[in-house]
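Trainee: Structure in structure tokens, see below.
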Amino acid sequence: MGEKLAKPLLLLDNSNMMSVLNKGEFKCSNLTFEETKAIIEMYDENMILRCFTNTDIETVIFDYLGIEKRNFEFKKIRNMREGQDAIVFKLYVTPSETQPVIQTDDGVEAKKIQNIYVYCQHLSRIK
């Protein structure tokens, strides 16, 4: 296993990304979904820490990125270690320009109120 893989990969979201930036120097860059998938697949399951509780992000990881379902350990992280990497799943929410009303499977009316987009970033602590 290479040195890069010696530290757990952190999976973060909008809110907990800020909590790991306490000290040090960081590099952040946008990723395509294909790049995100490739990075996650480089790590064994026991070397990935899920630092978020939003189950919608797990849906993004497994269903939209096409990553095989794995059970990543949950852990709150306050500081990234030097040389450690993270994937940040950023949710971008905009109001819906149209607000169609639909009938749900159980017969209740529901109104669309917002659009939710996701993009990924690679975060590394370099010092």
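Read the figures in this text as sums done on the coordinates, not as results from a lab. Keep in mind it's a predicted model, so treat the numbers as computed, not measured. Neighbour counts are summed over all protein chains in view; Cβ atoms, including those assigned to glycine, are modelled from backbone coordinates with ideal geometry.
Trainee: Could you tell me how many of the residues in the range 5-18 are surrounded by 14 or more Cβ atoms within 10 Å (Cβ to Cβ) and more than 12 Å from Ile87 (Cα to Cα)?
Mentor: Here the count works out to 1.
Trainee: Tell me which of these Lys90 doesn't satisfy, since it passes every other one: (1) farther than 19 Å from Lys127 by Cβ; (2) assigned to a loop (DSSP other than H, G, I, E, B); (3) in contact with a strand residue (DSSP E or B) (Cβ under 6 Å, 6 or more places away or on another chain); (4) among the charged types (D, E, K, R).
Mentor: Going through (1) farther than 19 Å from Lys127 by Cβ; (2) assigned to a loop (DSSP other than H, G, I, E, B); (3) in contact with a strand residue (DSSP E or B) (Cβ under 6 Å, 6 or more places away or on another chain); (4) among the charged types (D, E, K, R) one by one, Lys90 breaks only (2).
Trainee: In this structure, is Gln121 under 28 Å from Lys37 (Cβ atoms) and surrounded by 11 or more Cβ atoms within 10 Å (Cβ to Cβ)?
Mentor: Answer is yes for this residue.
Trainee: Now a separate question. Taking the condition of being outside any helix (DSSP H, G or I), among the basic types (Lys, Arg), surrounded by 14 or more Cβ atoms within 10 Å (Cβ to Cβ) and out of contact with any strand residue (DSSP E or B) (no Cβ under 6 Å at 6 or more places or on another chain), how many residues in the range 34-80 meet it?
Mentor: Counting residues in the range 34-80 that are outside any helix (DSSP H, G or I), among the basic types (Lys, Arg), surrounded by 14 or more Cβ atoms within 10 Å (Cβ to Cβ) and out of contact with any strand residue (DSSP E or B) (no Cβ under 6 Å at 6 or more places or on another chain) gives 1.
Trainee: Would you confirm whether any residue within the range 36-45 is of a type outside the set (A, V, I, L, M), in contact (Cβ under 8 Å) with a residue 60 or more places away in the chain and in contact with a helix residue (DSSP H, G or I) (Cβ under 8 Å, 6 or more places away or on another chain)?
Mentor: Within the range 36-45 (the criterion being of a type outside the set (A, V, I, L, M), in contact (Cβ under 8 Å) with a residue 60 or more places away in the chain and in contact with a helix residue (DSSP H, G or I) (Cβ under 8 Å, 6 or more places away or on another chain)), the answer is no, since none of the residues qualifies.
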